[in-house]
Amino acid sequence: MDKKPSIYNLTLPELETWFSARGEPAYRAAQALHWLYQKRNDRFQEMSDLSEKLRTELGLEFTLEPLRCVRTNGSRDTTQKFLFALRDNSFIESVLIPASPALYGSSSDRKTICISTQVGCAYGCKFCASGLEGWTRNLEPGEIVEQVLRVEALSGEKINNIVFMGMGEPLANYENLLRAIEVIRAPWGVGIGARHITVSTSGLAPRIRDLADQPLQIRLAVSLHGATDEVRRQIMPINRRFNVATLIDACAYYCEKKGQRITFEYILIEQVNDQLDQAIELAKLARRLDAKVNLIPYNAVQGLSWKRPSRARQQAFLRALRTSAVDATIRTEKGHDIDAACGQLRLQTMRDKNFAGSGNLR
Ligand code: SAH
Ligand code: SF4
């Protein structure tokens, strides 16, 4: 593994410092970043407005080796899924989602990417493929940013909406998440505004408060999945640390500080959380915060026995919320057929013995 740090970890001021330390004017940093983010060049040697010496020094200090795409799934007009091998050969996945009215900030010209923030996940939600194999490590900021660049290069699409809903718990990799968002937002970086970025969390209440204190208008989605402690703690171990009341208080703080509405994610799992009395409890929480509710029919995960409720049950749950004056939708199904729920392609690949060494698609 190349031990050099990725240049995609760096912000403009840091790169300016790097050039200044070499007696170069600060604007060299903007020149280098222009090659990376505007021209999408991934070779230092091709940065023709930098001297040969500087290009060599950059190459000695930083890596520009792109994430290797080892598997793809889907097609141009449905959800496309990308499995990437990182430089230490662990796997993460990113999903490109075409416009869908049920998605965050979505309109007809939206191209959304769902990105990962960790290899695996430590939170062990009982329904989730990402949690099944445990947590390996946090992604570096550059590895988060690169998912956007690589998916754009591989798909030929221009991404304009980002959801942190891939593998891992973004708020458990807080510092790297914030740094990645800085690079993604910056005009010298990827240039996607905060209002087009949604962070999803399983409910790290203190971190939700920290995020509220940041001067950033990013959107927040909270994976609630249970409206009472009894139901939520059965499927989400994190509820033992931060119960529903603590979580909702933190969400209220976020809404108040940001002047924003948040979204509750609610996976519908048969006979676990899809009963109408749960819809009534969920409606109370959503009304208190004026939160939107996004219902997600459960996606079957290999090796887990949870079931998706029938369409009739899904619709009854939705009706109960709407009757209680809650702004609720059922997420339209994109990618169910290609295992688009978080962590599933990776899980499938790691379990597929025939996959090892089958090459990359780059
Ligand atoms: N860790 C964060 C972000 C990643 S998960 C979080 O939990 O919010 C992104 C979303 O996918 C979450 O709402 C998660 O609950 C949901 N999800 C996980 N497994 C799923 C499955 N099998 N079917 C449908 N949604 C799933
Ligand atoms: Fe982790 Fe989110 Fe999956 Fe829970 S739902 S195990 S927090 S990735």
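The values are calculated or read from the model by the stated rules, or taken from the named source; none is laboratory data. None of the values given here were measured: they were computed from a predicted structure. Note that each Cβ is placed from the backbone with ideal geometry, even for glycine, and that neighbours are counted across all protein chains shown. With ligands, DNA and RNA removed, areas are computed over all heavy atoms of the protein, side chains included. Shrake-Rupley method; radii C 1.70, N 1.55, O 1.52, S 1.80 Å.
Looking at (1) open to solvent by 20 Å² or more (accessible area, probe 1.4 Å); (2) away from ligand 2 (no atom under 16 Å from the Cβ); (3) part of a helix (DSSP H, G or I), which is the one condition that is false for residue 261?
So residue 261 meets the others, but not (3).
Being assigned to a helix (DSSP H, G or I) and either within 16 Å of ligand 2 (Cβ to nearest atom) or open to solvent by 10 Å² or more (accessible area, probe 1.4 Å) (or both) is the filter here; which residues of region 197-226 pass it?
Once the filter is applied, which keeps residues that are assigned to a helix (DSSP H, G or I) and either within 16 Å of ligand 2 (Cβ to nearest atom) or open to solvent by 10 Å² or more (accessible area, probe 1.4 Å) (or both), region 197-226 yields 205, 206, 207, 208, 209, 210, 211, 213.
For region 108-196, list the helices (runs of 4 or more DSSP H) that sit wholly inside it and hold at least 1 residues that are touching a residue at least 24 places away in the same chain (Cβ under 8 Å) and under 15 Å from residue 92 (Cα atoms); which are they? Reasoning before the result, please.
On the way: elements: 129-132, 141-155, 174-185.
Because the criterion is at least 1 residues that are touching a residue at least 24 places away in the same chain (Cβ under 8 Å) and under 15 Å from residue 92 (Cα atoms), the helices (runs of 4 or more DSSP H) in region 108-196 that meet it are 129-132, 141-155.
Only one of these is within 26 Å of residue 163 (Cβ to Cβ), modelled with pLDDT under 95, in contact with a Phe, Trp or Tyr (Cβ under 6 Å, 6 or more places away or on another chain) and within 16 Å of ligand 2 (Cβ to nearest atom): 346, 331. Name it. Give the derivation first.
Details: 331 fails: in contact with a Phe, Trp or Tyr (Cβ under 6 Å, 6 or more places away or on another chain).
Only one candidate qualifies: 346.
Can you pull out the residues in region 227-246 that are in contact (Cβ under 8 Å) with a residue 40 or more places away in the chain and either more than 12 Å from ligand 2 (Cβ to nearest atom) or β-branched (Val, Ile, Thr) (or both)?
The answer is 227, 228, 231, 234, 235, 238, 244, 246.
Report yes if residue 81 is at pLDDT below 95 and surrounded by 16 or more Cβ atoms within 10 Å (Cβ to Cβ), otherwise no.
Working: at pLDDT below 95: yes; surrounded by 16 or more Cβ atoms within 10 Å (Cβ to Cβ): yes.
Here the answer is yes, as residue 81 does meet what is asked.
Where residues in region 29-69 are closer than 17 Å to residue 190 by Cα and assigned to a loop (DSSP other than H, G, I, E, B), which of them is nearest to the chain's Cα centre (by Cα)? Break it down into steps so the answer makes sense when it comes.
Filtering region 29-69 for residues closer than 17 Å to residue 190 by Cα gives 29-42, 64, 66-67.
Among the residues that remain, those that are also assigned to a loop (DSSP other than H, G, I, E, B) are: 39-42, 64, 66-67.
Details: 39: 25, 40: 22, 41: 24, 42: 24, 64: 22, 66: 19, 67: 17 Å.
Across region 29-69, the extreme among qualifying residues is 67.
Would a scan of region 140-150 turn up a residue that is crowded, with 24+ Cβ neighbours inside 10 Å and out of contact with any Phe, Trp or Tyr (no Cβ under 9 Å at 6 or more places or on another chain)?
no
Under 6 Å by Cβ, and 6 or more places apart or on different chains, what pairs join a residue from region 73-97 that is in a loop (DSSP other than H, G, I, E, B) with one that is β-branched (Val, Ile, Thr)?
79/95; 79/97; 90/119; 90/136
Against the definition (more than 24 Å from residue 94 (Cα to Cα), at pLDDT 95 or above and not hydroxyl-bearing (Ser, Thr, Tyr)), how does residue 281 come out, yes or no? Don't jump to the end; show me each part of the working.
Values: more than 24 Å from residue 94 (Cα to Cα): yes; at pLDDT 95 or above: yes; not hydroxyl-bearing (Ser, Thr, Tyr): yes.
Yes.
Of all residues in region 286-316, count the ones that are assigned to a helix (DSSP H, G or I) and away from ligand 1 (no atom under 15 Å from the Cβ).
At the first step, the residues of region 286-316 found to be assigned to a helix (DSSP H, G or I) are 286-289, 311-316.
Those left that are additionally away from ligand 1 (no atom under 15 Å from the Cβ): 286-289, 311-313, 315-316.
So the answer is 9.
Residue check: is residue 325 at pLDDT 95 or above, open to solvent by less than 40 Å² (accessible area, probe 1.4 Å), closer than 28 Å to residue 252 by Cβ and in the same structural domain as residue 125 (by TED's automatic domain parsing)?
Values: at pLDDT 95 or above: yes; open to solvent by less than 40 Å² (accessible area, probe 1.4 Å): no; closer than 28 Å to residue 252 by Cβ: yes; in the same structural domain as residue 125 (by TED's automatic domain parsing): yes.
Considered against the rule, which asks whether it is at pLDDT 95 or above, open to solvent by less than 40 Å² (accessible area, probe 1.4 Å), closer than 28 Å to residue 252 by Cβ and in the same structural domain as residue 125 (by TED's automatic domain parsing), residue 325 comes out as no.
Among the candidates 105, 131, single out the residue that is within 16 Å of ligand 2 (Cβ to nearest atom), modelled with pLDDT under 90 and open to solvent by 10 Å² or more (accessible area, probe 1.4 Å).
Details: 105 fails: within 16 Å of ligand 2 (Cβ to nearest atom).
Within the list 105, 131, the selection yields 131.
Tell me, yes or no, whether region 167-180 has at least one residue that is away from ligand 1 (no atom under 13 Å from the Cβ) and open to solvent by less than 10 Å² (accessible area, probe 1.4 Å). First the steps, then the outcome.
Taking region 167-180 first, the residues away from ligand 1 (no atom under 13 Å from the Cβ) are 175-176, 178-180.
Subsequent filtering for residues that are open to solvent by less than 10 Å² (accessible area, probe 1.4 Å) retains 180.
Yes, that holds for at least one residue.
Taking the stated definitions as given, is residue 122 at pLDDT 95 or above and within 9 Å of ligand 2 (Cβ to nearest atom)?
Yes, satisfied.
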